[in-house]
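Each remark here refers to the structure printed beneath this line.
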Amino acid sequence: LWNASVLAASNLAEAKFRLSRTSDDLEFRGESRKHGHDWELEGDVFYRRYFGTFFHLVGGFTSFGEHQRGTAGAGFRLPMLMEVHGLVDHKGDFRLDLERQFRWWKYVFTDAEARFRSGEKPEFTATLMYGPSWHWAAGLVFTQEKWGGGLRFRF
C-alpha cells in the first residue's frame with residue numbers, strides 16, 4: 001500500500017511518499033521552507049517498525065541545512081491521536097516531532113506539526129484547509145516565520 005501528498009504554498013513546499021506493509025513503513029519526506037529571503041531544504045528517509053497500534057521504532061537518515069545525519073528513535077500515538085517521535089542522531093543531538101490533525105467540519109481541517117531540535121529554533125507548520133475531496137485541499141499555511149496560501153494534493 002502506498003500514499004503520497006504534495007503541499008505547495010507561497011511560504012512552504014512539502015512532498016511525502018509512504019510505502020506501507022502490515023507492520024512496516026518506509027517514508028520519504030522533502031521540505032523547503034522560506035526563512036527570510038532564502039529557501040531552506042530539509043529531508044528525511046525513515047523506516048518504521050510498528051509493535052501494536054501505539055508504539056513503533058524509527059531508523060533512517062535526515063538532512064537539515066548543512067547537516068546530514070543518521071537517526072534512530074521511537075514513536076508513540078498518544079491519546080487524542082497525537083503522534084510523537086523522539087529521535088537521536090549519530091552525533092547525539094535530539095529531535096522531537098509532534099503531529100496532529102484536527103477536523104473542524106466535514107470539509108475543514110487543520111494539520112499541525114512541530115519540530116524541536118538540539119541547538120536550533122523550534123519549527124512549526126499549521127494549516128487551515130478546505131478539502132471537499134480526499135484528493136485535494138486549498139487554504140492557509142502558517143509557519144514560525146510567516147503565513148501563506150497553498151494547495152495540497154494526495155495520491
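The values are calculated or read from the model by the stated rules, or taken from the named source; none is laboratory data. Note that this is a predicted model, so its numbers are computed, not measured. Glycine also receives a Cβ, built like all others from the backbone with ideal geometry; neighbour counts cover every protein chain displayed. These accessible areas exclude ligands, DNA and RNA; they are computed on the full protein's heavy atoms, side chains included. Shrake-Rupley method; radii C 1.70, N 1.55, O 1.52, S 1.80 Å.
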From the list Phe153, Phe116, pick out the single residue that is at pLDDT 95 or above and out of contact with any Leu (no Cβ under 7 Å at 6 or more places or on another chain). Phe153
Go through the range 33-62 and give me each residue that's under 21 Å from Leu81 (Cβ atoms), aromatic (Phe, Trp, Tyr) and either under 14 Å from the mean Cα position of the chain (by Cα) or exposed (fewer than 14 other Cβ atoms within 10 Å of the Cβ) (or both). Phe46, Phe51, Phe54, Phe55
Mind checking whether some residue in the range 48-59 is under 26 Å from Ala9 (Cβ atoms), at pLDDT 90 or above and of a type outside the set (Val, Ile, Thr)? no
Among the residues of the range 8-32, write down those that are surrounded by fewer than 16 Cβ atoms within 10 Å (Cβ to Cβ) and not in a strand (DSSP E or B). Ser10, Thr22, Ser23
Of all residues in the range 116-155 being in contact with a His (Cβ under 8 Å, 6 or more places away or on another chain) and in a strand (DSSP E or B), the one that is surrounded by the most Cβ atoms within 10 Å (Cβ to Cβ): Arg154
Residue count for the range 73-95, restricted to those that are under 19 Å from Asp25 (Cβ atoms) and either open to solvent by 50 Å² or more (accessible area, probe 1.4 Å) or not in a strand (DSSP E or B) (or both): 5
